[in-house]
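Asker: Got a structure here, written out as structure tokens. Questions coming.
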Amino acid sequence: MSYDIRFLPDVEDDVVAGYRWYEWKAPGLGDEFLRMFYASLEGIKRNPRTSSKVYYEIRRGLLRRFPYAVYFRVQGNEVIVFGLFHCARDPRRIESTLQERDHPDS
């Protein structure tokens, strides 16, 4: 079974920030970052439940070659992507951001 993927609005900002940083470090590296991001999404689409739960029902899938993780939740036949964060980021800050994105009116 392949799952549909839906992104919360803030995810685009996460991806663009990572792309810009790597592109600034070395031209073309940002493009490689994007390729690894999309490759990780393909793996998540095929089998999202192999990724570990890290915050309640939110799971984490790691990118190859880059120290980033995709945070998502499975709902029915849909994968909802909550964020893309650098793995060195404070886990409490990640959890807080994920909660804010999950409940924006709180």
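Asker: Against the definition (closer than 18 Å to D4 by Cβ and either surrounded by 11 or more Cβ atoms within 10 Å (Cβ to Cβ) or modelled with pLDDT under 95 (or both)), how does V54 come out, yes or no?
Answerer: no
Asker: So in region 6-33, with the set limited to residues that are more than 19 Å from T97 (Cβ to Cβ), touching a helix residue (DSSP H, G or I) at 6+ places or on another chain (Cβ under 6 Å) and hydrophobic (A, V, I, L, M, F, W, C), which one is surrounded by the most Cβ atoms within 10 Å (Cβ to Cβ)?
Answerer: Result: F33.
Asker: So, one more: Which residue is nearest to V15 (Cα to Cα), if the candidates are limited to region 37-88 and must be β-branched (V, I, T) and part of a helix (DSSP H, G or I)?
Answerer: At the first step, the residues of region 37-88 found to be β-branched (V, I, T) are 44, 50, 54, 58, 70, 74, 79-81.
If we keep only those that are part of a helix (DSSP H, G or I) too, we end up with 44, 50.
Values: I44: 16, T50: 23 Å.
My answer is I44.
Asker: Any idea how many residues of region 34-80 are basic (K, R) and more than 20 Å from S96 (Cβ to Cβ)?
Answerer: The first filter runs over region 34-80 and keeps only residues basic (K, R), leaving 35, 45-46, 49, 53, 59-60, 64-65, 73.
From the residues that got through so far, the ones that are more than 20 Å from S96 (Cβ to Cβ) too are 35, 45-46, 49, 64-65.
Total meeting the criteria: 6.
Asker: Among L84, L98, L8, L63, which is touching a Ser or Thr at 6+ places or on another chain (Cβ under 6 Å) and either of a type in the set (S, T, N, Q) or in contact (Cβ under 8 Å) with a residue 24 or more places away in the chain (or both)?
Answerer: The match here is L63.
Asker: The conditions are (1) of a type outside the set (G, A, S); (2) under 15 Å from L34 (Cα atoms); (3) buried (at least 17 other Cβ atoms within 10 Å of the Cβ), and R64 fails exactly one of them. Which is it?
Answerer: All conditions pass for R64, except number (3).
Asker: Identify, please: which residue in region 67-106 is of a type in the set (S, T, Y) and surrounded by fewer than 17 Cβ atoms within 10 Å (Cβ to Cβ) and is, among those, farthest from Y38 (Cα to Cα)?
Answerer: Taking region 67-106 first, the residues of a type in the set (S, T, Y) are 68, 71, 96-97, 106.
Right, trim to surrounded by fewer than 17 Cβ atoms within 10 Å (Cβ to Cβ) and you get 96, 106.
Values: S96: 25, S106: 31 Å.
Checking each candidate, the answer is S106.
The values are calculated or read from the model by the stated rules, or taken from the named source; none is laboratory data. Keep in mind it's a predicted model, so treat the numbers as computed, not measured. Glycine also receives a Cβ, built like all others from the backbone with ideal geometry; neighbour counts cover every protein chain displayed.
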